[in-house]
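The values are calculated or read from the model by the stated rules, or taken from the named source; none is laboratory data. What you see is a predicted model; the values in this text were computed from it and never measured. As a convention, Cβ positions derive from the backbone with ideal geometry for all residues, glycine included, and neighbour counts pool all protein chains shown. Areas reflect the complete protein model, heavy atoms only, side chains present, ligands, DNA and RNA absent. Shrake-Rupley method; radii C 1.70, N 1.55, O 1.52, S 1.80 Å.
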Amino acid sequence: MILFKAQRTIVQSQENKAEFHKLIDGLTAKRIASIRKADIPIVQRAFRFFDENHIGDEQLVERLKRDFHKDYCLSVNEEPEKEQYQILLNTLEDKNNRVRAIFAVQKLNEAGTC
């Protein structure tokens, strides 16, 4: 599960969600192969896991597209959305909960500020 927090506005959060879905929808095995070449330790560790579990690039693309489908990504920027998804948000650790991403605005804590 990934939490995406926009720093300022609901519009930013909505743009983040749209960009994320654009990235996922356009993902290809060729792009995964390109990412696989990155000299970034955490990326290499992830690909070692995929290799050890016999998850090829095509299969990874299919899984990412399925798991991060728009139906499994929530926006909780406003109170009605929070209320609508309250049960899902309260059961994120449940093995049957399909939520994979949450998009929200980082609310500033204004207590104690002048």
_Probe 1.4 Å, protein heavy atoms only - accessible area per residue of the chain in square angstrom_ = 75 Å²
*When the accessible area of the chain is computed with all protein chains present and a 1.4 Å probe, what percentage of it is carbon and sulfur?*
52 percent
*Once you have the alpha carbon radius of gyration of region 32-101, what is it after dividing by 2.2 N^0.38 Å, with N set to its residue count?*
1.44
*With point charges of +1 on the Cβ of Lys and Arg and -1 on the Cβ of Asp and Glu, referenced to the Cα centre of region 19-114, which listed residue (104, 76, 43) lies farthest in the positive direction of the dipole?*
43
